[in-house]
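Pasting in a structure now, in structure tokens, and then I'll have a few things to ask.
The values are calculated or read from the model by the stated rules, or taken from the named source; none is laboratory data. Only a predicted model underlies this, so the values are computations on that prediction, with no experimental measurement involved. Counting neighbours? That spans all protein chains shown, and the Cβs are built from the backbone with ideal geometry, glycine included.
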């Protein structure tokens, strides 16, 4: 054991000499502080990434909603187009029928000029 100096007795503190080994306490404190800071940095990084993920999920949900609305509008447009096409086909069939009937009447009139009404001569 080493002898206690007068100064150490008077102040109640221990004076370390240059030849004595250093205490490992400051190193342990730094390691623990580094672990705590590292843990909080990791937690903040995870939290930030989680918040960005939530923001991206919200944007994706909004875009998905817009896509669903666009698909619904496209389906309505397609239905309206099909209805118009159906109507057009019916009109065309009617037009073809009238055209065929007119051709038949024209053929009859060309064969028999006597069948032409007097008002048209």
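Can you say whether residue 109 is surrounded by 10 or more Cβ atoms within 10 Å (Cβ to Cβ), at pLDDT 95 or above and either part of a helix (DSSP H, G or I) or more than 31 Å from the chain's Cα centre (by Cα) (or both), as far as the supplied structure shows? Break it down stepwise before answering.
Numbers: surrounded by 10 or more Cβ atoms within 10 Å (Cβ to Cβ): yes; at pLDDT 95 or above: no; either part of a helix (DSSP H, G or I) or more than 31 Å from the chain's Cα centre (by Cα) (or both): yes.
Here the answer is no, as residue 109 does not meet what is asked.
Please state which one of 34, 65 is more than 25 Å from the chain's Cα centre (by Cα) and surrounded by 10 or more Cβ atoms within 10 Å (Cβ to Cβ).
34
Test residue 18 against the criterion of being exposed (fewer than 10 other Cβ atoms within 10 Å of the Cβ), modelled with pLDDT under 95 and part of a helix (DSSP H, G or I), and give yes or no.
no
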